[in-house]
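Below is one structure, written out as structure tokens; comments come after it.
The values are calculated or read from the model by the stated rules, or taken from the named source; none is laboratory data. Just so it is clear, the model here is predicted, and its values are computed rather than measured. Don't worry about glycine lacking a Cβ; one is built from the backbone with ideal geometry, like all the others, and counts go over all protein chains shown. Side chains included, ligands, DNA and RNA excluded: accessible areas come from the protein's heavy atoms. Shrake-Rupley method; radii C 1.70, N 1.55, O 1.52, S 1.80 Å.
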Amino acid sequence: MAQPARPPAGYPSQNGAGQQPYSNGPVQNQLMHSSDGQGYSPSVPGSYSHQTPAKVPPHQSSGQYHYSGSQNVSQLNNYQGPGQTLNRPPVAPFSGSPVQQTGPVPQVLLPALQNSAAISSAGSFPPGASPPVLSNWQYSQTPVSQPVGSQTSHLARVTGTGSAQPPSSLSGNTNPPGSYQYAASPGGPPLQNSYMKPGSAPPPVTQPLTPLHPPARPPLGPPPVGGPPLIRPSTLIAGPPSTQSLLNSAANQEGDATSAASDGSVVQNSYDAIEGGGLMATPHPSPAPPNLKMNRSVGYSYPTLPPGYQNTSPPGAPGMQASALQYPDGSKHFHQPALGTNHLTASMGSLSLQQEGLRPVNLLQERNILPMTLLKAPVPNLHEDIQKLNCNPELFRCTLTNIPQTQALLNKAKLPLGLLLHPFKDLSQLPVVTSSTIVRCRSCRTYINPFVSFLDQRRWKCNLCYRVNDVPEEFMYNPVTRVYGEPHKRPEVQNATIEFMAPSEYMLRPPQPPVYLFVFDVSHNAVETGYLNTVCQTLLDNLDLLPGNTRTKIGFITFDSTIHFYSLQEGLSQPQMLIVSDIEDVFIPMPENLLVNLNENKELIQDLLRTLPQMFTKSLETQSALGPALQAAFKLMSPTGGRISVFQTQLPSVGMGALKSREEPNQRATAKDIHLTPSTDFYKKLALDCSGQQVAVDLFLLSGQYSDLASLGCISRYSAGSVYYYQSYHHKHNPVQVEKLQKELKRYLTRKIGFEAVMRIRCTKGLSIHTFHGNFFVRSTDLLSLPNVNPDAGYAVQMSVEESLTDMQVVSFQSALLYTSSKGERRIRVHTMCLPVVTTLSDVYLGADVQAITGLLANMAVDRSVSATLSDARDALVNAVIDSLSAYRSSVLSIQQPGLMAPHSLRLFPLYVLALLKQKAFQTGTNARLDERIFTMCQVKNQPLVYLMLMTHPSLYRVDNLTDEGALNVNDRTIPQPPILQLSVEKLSRDGAYLMDAGSVMFLWIGKNCGQSFISQVLGVPNHGSIPQNMTHLPELETAESIRTIAFISWLREQRPFFPILYIIKDDSPLKSSFLQNMIEDRTESALSYYEFLLHIQQQVNK
């Protein structure tokens, strides 16, 4: 069997694409044989036998899901596993004892057993209710009910808000205590391998144990006396405490997740328990370290920690010095001075930027406010030693980099407080820790991180709940420096982003194998589009690059009005088709050989992929039984979990989940856009069942007709899948879509993937999270269930200040993602971010991150569109600008000036909101098809911020005069860096050529008088008139201009996980209207110009 090219050795393993299959033999067996106390048989499940019964969901009681509105919901286990014989098992889909719930979800935390899976969708008010005044987005308050959009969780501040669970490792428990392995891991396939270099070798694979670490932080001496404080001093603003304190529930909401064994030990039976949501006891308690007898004094060499690490004393004990506490462990206590203005270092990393951030900008006069390079995230105003350890803003950023001390102050600023995450992003450097001890706070279960404070060598104080914890003995040794007694220099305390290989206590079952099931629409309409040729050929080309190992399984289902299964049993000369025509009561026709081992059955699989496109060419069957096909796929996948990839080309018309057309072309954007909501809850219910069995569904919709994506999209949304939409896909009539599907499908098939994942976000006590945005299901109030997690998915959360953050100088946020890699390792990826607390309104505005604010508002607006109306969402977006600029004018500006004044940090806020109003998700007018609008809304909810901003506010470059001045050098290629221009026709010259990068599409506009040399040397045609009407590719010519232009466009494409088509257009091109639609600053038929919008905002602010 041909193996993929071997990548270079010397990298630790990340579960990306392109890695050669290798046996998970001995090491895995050692881990699996270890006694894990969870009732697994000690033998390794070499193959997840398909005869095993479907696994029990994490909470026995969590089969019942509650959601807003009156709906019947089925239990997770209503689907039985596949039967052992060809007789149909008696299955009644969606039978069982459903729970009915009417009206909005009550704002009471139910006991965990009832509410372990309660879901409420995020938004502002229930359908049918009269909305409150739109100017209030209710940033601080838990929505009265939640729109179907994002799950909301009302967190009472429990002593352990929980976090995502640690990933587990094949080598987790195989090392003796005190033995550690470290490796820097490339985070999976670099994006550029996805599209631009089809022939390149697969990305590097991890060889365990390559010590590749960022240098340890140099010891920091005691801080010099005198000098400005850690963060800008500010006066305290008096104000009422939090306007709405969110349910002060007593201790342990998630305590019911564990059950006591007969011997009194705790047996974990849910993800919540193993991840340690609110458990006071640690899953693997570390005994108090014995007093060591050493020849040298351990303590005296321990340096004083920089300010910000010290004296984060719990509220109620302000100024208490660590040395005042007596601990009988015999170790030396170090005096750490109380944090005060006289004891802080003089280094203020971003002080020079601070005053610029406060400078008022008159938006009506200063027209050229758009930066000429891509806008970067603001740098938090922290001591430089802390800031250099902070999390990369591409992974984790907050809408406010200065956190208001009270909810009253946050309310006054009229800005939303929230986090935007890209937790599984491909990373070129990722420290991976293999150790028998994962150090976590015994109270709130926070992972040790760079922002904890060490009281001495034996004790550390949690930066989220302030509990003092013992340092385990094994943690005293630093394997990087090979020094004993320096726990503060270990990689876990030097890196804000780190990955742990998790031991067996982080598993509910042995890690699942990678299982991929492909479900193809083969109706007449589907065959006509020709998509099967492209998909099957791309799959054939990338079979060896599917992330996985020797246990990888694959299967195929096709459907029209009936469902076709394919037996790939060893020994068959060709695949065998089994047809199930009873779509009202779907069953699995045989117990085995429908999902088979990829490596052992590769020839049969390749045979099937070669013949599938031709098998249905003469089909006249026009019906589509998508619902029953998904039910069949779910039954097939339930025993193991995995990924279902479904390809659909039309509205489902027969069986469960059949839909009717709801689009009326002349009423695409009327005041009551009722069709943004699903027309049935079938797909949502099925998605929740999938989620309970660790199955995610990814939907590829290739359709020229209305297909009700609002309903179909639920199958991906609630199962943590993704939606791809190829409008009017046709292999002949729309060939550019073929290339787009090829490139994006290759990325989809080969990118890294995490299975059976859960994620938890924790924050310093006093802050609370109340609403989540993204594709997932919320389990047990704050645990996000992600049956699959991929590197291209983003998430957002809304927060409030539940208790005043008095006596705190900084707060921290931590996300932890526990997942199973495609190699069968259980891993935990942890990101931690630290931000300063401020007491004045001017400081809150100073730290505003305008892009993060725009991204969070876009997520909230999608929810408002679904729960209320599109016009409500648009009004609320405009009011967000009016309210914040009004508050700034009335409370911060000392001298009232004419014009529209904004703080420098928010100077682009009106522009970005206007861009949102003109985006397909929120625009008015009848240009956008309903499915197109819904797809854009799906992207808003699921795209990482960097891509969302590009789709909202495109970048415009002039490219007919590219030079090497200021160019980047990337992999021996010179990449020109032209300045970014404002999105207005007045910036265009007929003498030039302009590239507009709108994220998922690019336009190259050629002016009528564009220079002859550019046209011939880049486009390869003699003159402007010869440019073809439908040109979508630049020829590769041996000219300096051509090389520069192609290098620039290729570089832009490489930085994203989707493939933007390039349209080359002239003044008479049909696509010119799409190009002009993206000119945000100009007036369109249904939207104001930027200047008119500013005048409208000014009029409202000055009222």
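Report the FRET efficiency, 1/(1 + (r/R0)^6), for Ile369 and Arg990, where r is their Cβ-Cβ distance and R0 is 41 Å, rounded to 0.05.
Calculated value: 0.95.
By the scheme Lys and Arg +1, Asp and Glu -1, what is the net charge of all other residues having a beta-carbon under 12 Å from that of Phe616?
-3
Take the alpha carbon gyration tensor of region 574-628, find the square roots of its eigenvalues, order them as a ≥ b ≥ c, and report rounded if a/c is under 1.5; if not, report prolate when a/b exceeds b/c, else oblate.
In terms of gyration-tensor shape, oblate.
Just to confirm a number: summing +1 for Lys and Arg and -1 for Asp and Glu over residues other than Lys376 whose beta-carbon lies under 12 angstrom from that of Lys376, what do you get?
So the surrounding residues net to -1.
Assuming R0 = 35 Å, what is the FRET efficiency of Gln1012 and Asp607, from their Cβ-Cβ distance, to the nearest 0.05?
With R0 = 35 Å, the Cβ-Cβ based efficiency is 0.05.
Could you tell me which trypsin sites (Lys or Arg not before Pro) in region 441-545 are loop residues by DSSP with no more than 14 other beta carbons within 10 angstrom of their beta carbon?
When the trypsin sites (Lys or Arg not before Pro) of region 441-545 are filtered for loop state and at most 14 Cβ neighbours within 10 Å, Arg482 remain.
Roughly what would the spin-label model give for Ser1089 and Met615, points 7 Å off Cα along C-beta, in nm?
5.9 nm
Over all directions, what mean area does the Cα convex hull of region 438-585 project, stated in square nanometres?
15.9 nm²
Spelling out what I want: for every residue of region 853-858, take phi, set θ = phi - 60°, compute 6.51 cos²θ - 1.76 cosθ + 1.60 (Karplus), and round to whole Hz; glycine and proline get x.
4, 4, x, 5, 4, 4
First select every other residue whose beta carbon is under 9 angstrom from the beta carbon of Lys425; then total the charges, Lys and Arg +1, Asp and Glu -1.
Overall, the nearby charge balance is -3.
From largest accessible area down, sort Glu584, Glu621, Glu1085, Glu965; use a 1.4 Å probe on the protein chains.
Glu1085, Glu965, Glu584, Glu621
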